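Readers should treat all values here as calculations from the given coordinates under stated rules, not as data from a laboratory. What you are looking at is a predicted structure, and each value in this text was computed from that prediction instead of being measured. Please note: Cβ atoms are built from the backbone with ideal geometry, for glycine as well, and neighbour counts cover all protein chains shown.
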Amino acid sequence: MQKLKQIIMNNRREFDHEEPDAGHFERFAIKIRKAKIGQRIGIPYYLKIAAVLVFVSISSILVYEFIKPANWNPNEYTFGKLSPEYREVEDFFIHSINSRYDMLENLNTGDAVQKEMIIKELKDMDDVLKSLSKELKNDPNNDKLVNAVIKHYQMKLEIMNSIISQLEEIKQITSKNYKNEGKEI
């Protein structure tokens, strides 16, 4: 590559001896203008707008699906329908409880029957919430019912946290015992 550059530099006069025909630059400018006139400027602009709208729509749907609690039933009356603040509180608790369910499912305790029993008991707590929701539907202005629903969520979350921490402790103890079984005393 360096040799080629050197040859061109040394023989530059031989390469630059001919000039373009008269009117060459004018003909070239006319061709460029014709090419620009033939282009449709509006289509790419509208395509950009359409792409942005599609992107925003898909993003909105995905955000809604990820933020909306998995077990939220729009036909079921909840205290979150009373006000946006309650909706936010309820979403927080539902999201937290669902994440604890996921933690319980992923926690390997070694006893599947025990895990199923724990999850069944936790699901039974939801019956209490359903009855509170029915009462709240009949009397939406009752602050005691709203507080009872919030207390129920708090209590369920505390119970789940306690169960998870106890199961993790048991898991650590059993894993230490397995490690120590192979060692001689």
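For this structure, a couple of remarks:
- Among 139-151, 51-63, sorting by the average number of other beta carbon atoms lying within 10 angstrom of each residue, highest first, gives 139-151, 51-63.
- Cross-link check: pairs Lys81/Lys130; Lys130/Lys151; Lys123/Lys151; Lys134/Lys156; Lys120/Lys176 evaluated at a Cα-Cα cut-off of 24 Å; pairs beyond the cut-off: Lys120/Lys176.
- Charge tally around Leu107: other residues with Cβ under 15 Å, Lys/Arg +1 each, Asp/Glu -1 each, net -3.
- Rg and Dmax of the range 79-179, Cα atoms only, in Å: 16.6, 58
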